[in-house]
Amino acid sequence: MADIFSGVVIVATLSSGIRLAVPLLLASLGEAFGQRSGVLNLGVDGIMLLGAFGGYYTTLKTQSPWVGLAVGLAIGLFLGLLSSVVSVSLLAEQGISGIGVYLFGLGMSDLLFQRLVGTPLPVPSFQKAPIPLLSDIPVVGDLIFNHSIPIYLAFLAIPVCTYIINRTRFGMNIRAVGENPEAADSQGISVTRVRYAAVTIGGVLAGAAGAVLAIGLGIFQQNLTNAQGFIAIALVYFGAWRPIGVMAGSLVYGMVSAVVLLLKTRGIIPLGASDLAAMIPAVITVLALVVAARRFRAPTALTKPFIRGG
Amino acid sequence: MTSRGPSEAGPRLRTQLLSYSVPALAVLGAFAIGAVMLAMLGANPFTGFWAMAKGAFGSGGALVETALKSTPLLLVGVGITIAFRASVINIGGEGQMVSGALASTIVALGMTDVPAAIALPLALGAGVVGGAIWGAIPGALKAYFGVNEILSTIMLNVVAVQAMNWLLRAPLIDPMEIERGTRIPQTARLPESTDLPLFVEGGRLHIGPVIAVLVAVLVYVLLWRTTSGYRLRAVGLSGDAARYAGMSVERNVVWALTLSGAMSGLAGSILVLGSEGHRMVTDGSTIGFTGSAGFNGIVTALFGGLHPLWTIPSSFLFGGLLVGAIALQRAAQVPTALVLALNGLVVLFVVSLDRYRRQVREREDRRISAIATSSTEDDESPKPLSREDDDDG
């Protein structure tokens, strides 16, 4: 009983918190691109589910998690493009269209799973890749430098995304299109093209998030994500549309999930109480939404389709 | 809104036809894709759809199942309609169903030795209140704190699931489950006085579908025949105009989401009180309890043209799809999840075609005004999915 306070358990729990945060981190980084460009993509969970199935199934067939991840990315690319067509070209109401993508992904991934796989078979996961030297540092080494490559890549994506959004021409265009599409349009920026690119990046990252989730767990089942894609959307608000804020939110979720898991498996407190603990991040997010609504401003053109001269 | 003269009958008819055909086109499109999917899964689309239709509507028993499946879809759909009409987007149907069901369960568990005439209305009422609270929270957050209701309703779905898992695993768990050590997260059987009355003893059909239809009619009356409903719709059409007319936009936003949540809460309540086991069970997810009705209700509302009365046949059709899917699975080994995927496509088609329809109408309006050379007020920012042209249904 006292052993949950031992160093080994604490490090293992924090380390699994980092792992659990990664799908949320990838999905919400992607969603941040779309939202910065003025498009709210509510279909993240559906894209994650199909990416998860695609990644799982490919890994099952090829026994290579990397090929699986690539297929997850490809599925995300396709669904990101589809979402762009609906939201950007067909000017659909963004608060609803994403629910269509979600239901499609939820149904389709389950359908394909039942039809092509049936009984859940485990797949090989990504190998751990401890970073030489750094992983030998006591505590920190095991915590931060002893993960699989996709996890390092996900965290590397944070500074990369920050750089793209703040320092590149493309990122400037994304922000311009999300704040004032009319002005951007008059400057010769193609609102449509920029939004397509931003939403598609979001799709690719959502597909990757799903694939990493499924391959990381080594299994697939109906509704595997259990609404993580929706949480990812809220985390973008939580993180005030900044990659670093998004990371903070994802880590809060990941850590709490890890602690809940620990409490459950060790049976320290009555089973029900871990569900109560699982409620905490959701409640925190709701409160954070209230604070965010006061302190931070959403991209001005968020959810508003752009019609030239309209 | 644009003023209209007598010379516009032709184009007006065209846009009217277009507005009615959008949902139909959407369903046809989804079915066409469904047919392709069936073919790819190695099933004959025609025999597949025929099996579905027969399974859903082909016999008395099938119709009973369809009516039962349609009930939550109708109630959630009507709730979605109220919210959308007031220009608030409620995607918290799942959470509101769960909170309504939990409230009903808690009240029902306390109703041992209370006659049905009191126990049942109280249990149902608790569901309405539970859902209403779960709707009022995002309503108040939007009206007074500027929190986007899409986000808050999503997050409250998550909170509701965890609350359900906690309540059913700890305080509300069937004492027998602890005694036997099985610990299945479910309540004890609710008192018989809270069972929804059956039409035929030993049958399946309870009064839930009748309640749902009555509620849909009531909501129609509320929205189109009362001042309160007029205010909701006015706020939905133009917040600024409504504010200028002295209406409180904030209060109406809260009211719309509260009512909307109440409908989903009632749906959840009926799901529990009318369940075969007469108890609430969780598999850890919302979908396990709601069967995605909180989202599928959006589909029925859209297909019903955001009109409470049209939502009745719309729900019956989509309820039929869900029931028919089981027959399809038996006949052609196609998983029932197919219907969920098709529902998603219906949503995508409806929202994609909706803007197109509106653009066509605006173009027609502009042409009319050019012909009439009369001045028109420009409807600068059309409200989501509002149907200004056929409001009196």
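The values are calculated or read from the model by the stated rules, or taken from the named source; none is laboratory data. Every value quoted in this text rests on a predicted model; they were computed, and no experiment measured them. Positions of Cβ are backbone-derived with ideal geometry, glycine not excepted, and every protein chain shown enters the neighbour counts.
Just a few scattered comments:
- The lone criterion from (1) over 15 Å from the mean Cα position of the chain (by Cα); (2) surrounded by fewer than 20 Cβ atoms within 10 Å (Cβ to Cβ); (3) within 14 Å of chain A (Cβ to nearest Cβ) left unmet by B:Arg279 is number (3).
- There is no residue in segment B:46-66 that is more than 13 Å from chain A (Cβ to nearest Cβ), crowded, with 24+ Cβ neighbours inside 10 Å, in contact with a helix residue (DSSP H, G or I) (Cβ under 7 Å, 6 or more places away or on another chain) and charged (D, E, K, R).
- Against the list (1) farther than 30 Å from B:Ala43 by Cβ; (2) of a type outside the set (Gly, Ala, Ser); (3) buried (at least 18 other Cβ atoms within 10 Å of the Cβ), the condition A:Leu103 fails is (1).
- Criterion violated by B:His307 - all others in (1) under 25 Å from B:Leu156 (Cβ atoms); (2) touching a Gly at 6+ places or on another chain (Cβ under 6 Å) satisfied: (1)
- If you go through segment A:206-234 and keep only what is hydrophobic (A, V, I, L, M, F, W, C), touching an Asp or Glu at 6+ places or on another chain (Cβ under 8 Å) and buried (at least 24 other Cβ atoms within 10 Å of the Cβ), you end up with A:Ala206, A:Phe230, A:Ala232, A:Ile233.
- Residue count, segment A:95-136 (criterion: more than 7 Å from chain B (Cβ to nearest Cβ) and charged (D, E, K, R)): 2
- Residue pairs whose Cβ atoms lie under 8 Å apart, sitting 6 or more positions apart in sequence or on different chains, and linking a residue in segment B:234-249 that is hydroxyl-bearing (Ser, Thr, Tyr) to a partner that is surrounded by 11 or more Cβ atoms within 10 Å (Cβ to Cβ) and at pLDDT below 85, are B:Ser238/B:Lys383.
- Yes/no for A:Gly245 being touching a residue at least 24 places away in the same chain (Cβ under 8 Å) and out of contact with any His (no Cβ under 6 Å at 6 or more places or on another chain): no
- Helices (runs of 4 or more DSSP H) (entirely within segment B:112-226) containing at least 2 residues that are surrounded by 20 or more Cβ atoms within 10 Å (Cβ to Cβ) and among the hydroxyl-bearing types (Ser, Thr, Tyr): B:149-169
- Set side by side, the residues A:Ile219, A:Ile215, A:Ile233, A:Ile280 differ, and just one is modelled with pLDDT of 85 or more and within 10 Å of another protein chain (Cβ to nearest Cβ), which is A:Ile233.
- Test: A:Ile164 is in a helix (DSSP H, G or I) and free of Cβ contacts under 8 Å to residues at least 12 places away in the same chain: yes
- Selection over segment B:235-263 of residues that are crowded, with 19+ Cβ neighbours inside 10 Å, in contact with a helix residue (DSSP H, G or I) (Cβ under 6 Å, 6 or more places away or on another chain) and of a type outside the set (A, V, I, L, M) gives a count of 5.
- Selection within segment B:115-165 - among the β-branched types (Val, Ile, Thr), within 9 Å of chain A (Cβ to nearest Cβ) and under 28 Å from B:Ile207 (Cα atoms): B:Val161
- Cβ-Cβ under 7 Å pairs, at least 6 apart or on other chains, segment B:313-331 side on the phi < 0 side of the Ramachandran plot and surrounded by fewer than 21 Cβ atoms within 10 Å (Cβ to Cβ), far side of a type in the set (Val, Ile, Thr) and not in a helix (DSSP H, G or I): B:Ile326/B:Thr336; B:Gln329/B:Thr336
- Qualifying residue in segment B:344-359 (condition: in contact (Cβ under 8 Å) with a residue 40 or more places away in the chain, surrounded by fewer than 24 Cβ atoms within 10 Å (Cβ to Cβ) and hydrophobic (A, V, I, L, M, F, W, C)): yes
- Extreme residue, nearest to B:Ala26 (Cα to Cα), among residues of segment A:102-139 that are β-branched (Val, Ile, Thr) and without any contact (Cβ under 8 Å) to a residue 60 or more places away in the chain: A:Thr119
- Qualifying residue in segment B:257-276 (condition: part of a helix (DSSP H, G or I), touching a residue at least 60 places away in the same chain (Cβ under 8 Å), within 14 Å of the chain's Cα centre (by Cα) and within 14 Å of chain A (Cβ to nearest Cβ)): yes
- Sole residue being under 15 Å from the mean Cα position of the chain (by Cα) and either away from chain A (no Cβ under 14 Å) or not hydroxyl-bearing (Ser, Thr, Tyr) (or both), chosen from B:Gly324, B:Gly319: B:Gly319
- Residue, surrounded by the fewest Cβ atoms within 10 Å (Cβ to Cβ), within segment A:113-129, restricted to residues that are closer than 19 Å to A:Ala70 by Cβ and under 23 Å from the mean Cα position of the chain (by Cα): A:Gln127
- Scanning segment A:58-96 for residues that are part of a helix (DSSP H, G or I) and out of contact with any helix residue (DSSP H, G or I) (no Cβ under 6 Å at 6 or more places or on another chain) returns A:Leu60, A:Lys61, A:Thr62, A:Trp66, A:Ala70, A:Ala74, A:Phe78, A:Leu82, A:Val85, A:Ser89.
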